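The values are calculated or read from the model by the stated rules, or taken from the named source; none is laboratory data. Values in this document were obtained by computation on a predicted structure and should not be read as measured data. Glycine also receives a Cβ, built like all others from the backbone with ideal geometry; neighbour counts cover every protein chain displayed.
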Amino acid sequence: MLTNTDILPAPEYERVRPSKKQEILSLKEARRIAVGPDVTFYFENTQTIWWQIQEMLRIEKGGNEQLADELAAYNPLIPVKREKGYEISATMMIEIDDPVRRKVALNQLFGVDQHIMFELQNATIPAFNIDPTDERNRESDHKTSAVHFLKWLVPVDRIDAFLSEEVYLTINHPYYSFKTSIPLPLKDSLKADFEVMD
């Protein structure tokens, strides 16, 4: 979990930002996976969340009050060990440039977050919303958001299989059904989330 002391003051952040930017972009690329033509998952960790908070503060210049809000909003995305396993998280983005097609898709994909899972040879691990009370699926207008914050609880006894066997990230929504095999660079990056040492 990040705290106020982890966040650099604006002048100091500006000095390190150019070098940090390249580092974070490389990290994000390794932790990115597309599922089908329109959905991309960005798996988060402490570094990517630190960068996100610093960038939000840089853009909005909201000071300490904004910092408290950003920490509260983004800390839940940092992977964490639980009693029964490890929670890993991702920001899921529905990326459709055409505004007409995007509007149709967001209506069709209502409840999409309830149709996302990891598929292992002998197990299925469903995704869940980080904040089940949020309005990523808006009942009022029966549409979903273009951005979702998701977690998976990977049981301790499935981590070896997750890292060594073929694993699919799957969406099986009636209007969007695709799956993608988790690539090795992403698995290698997730080892730290699972506290696995080479």
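Taking the options Asp141, Asp134, Asp113, name whichever one is surrounded by 14 or more Cβ atoms within 10 Å (Cβ to Cβ), of a type in the set (Asp, Glu) and at pLDDT below 95.
The unique qualifying residue is Asp113.
Would you check if Asp97 is in a loop (DSSP other than H, G, I, E, B) and either over 30 Å from Pro9 (Cβ atoms) or in contact (Cβ under 8 Å) with a residue 12 or more places away in the chain (or both)?
Numbers: in a loop (DSSP other than H, G, I, E, B): yes; either over 30 Å from Pro9 (Cβ atoms) or in contact (Cβ under 8 Å) with a residue 12 or more places away in the chain (or both): yes.
The answer is yes for Asp97.
Could you list, ordered by first residue, the pairs with Cβ atoms under 6 Å in which the first is in the range 15-29 and surrounded by 12 or more Cβ atoms within 10 Å (Cβ to Cβ) and the second is hydrophobic (A, V, I, L, M, F, W, C), at least 6 apart or interchain?
These pairs meet every condition: Ile24/Trp51.
For the list (1) without any contact (Cβ under 8 Å) to a residue 40 or more places away in the chain; (2) within 30 Å of Val156 (Cα to Cα); (3) exposed (fewer than 12 other Cβ atoms within 10 Å of the Cβ), I need the number of the one condition that Thr5 fails.
(2)
Residue check, Ala10 against (1) more than 15 Å from Phe149 (Cα to Cα); (2) under 21 Å from the mean Cα position of the chain (by Cα); (3) surrounded by 12 or more Cβ atoms within 10 Å (Cβ to Cβ); (4) at pLDDT below 95, all met but one. Which one?
Going through the list (1) more than 15 Å from Phe149 (Cα to Cα); (2) under 21 Å from the mean Cα position of the chain (by Cα); (3) surrounded by 12 or more Cβ atoms within 10 Å (Cβ to Cβ); (4) at pLDDT below 95, Ala10 breaks only (2).
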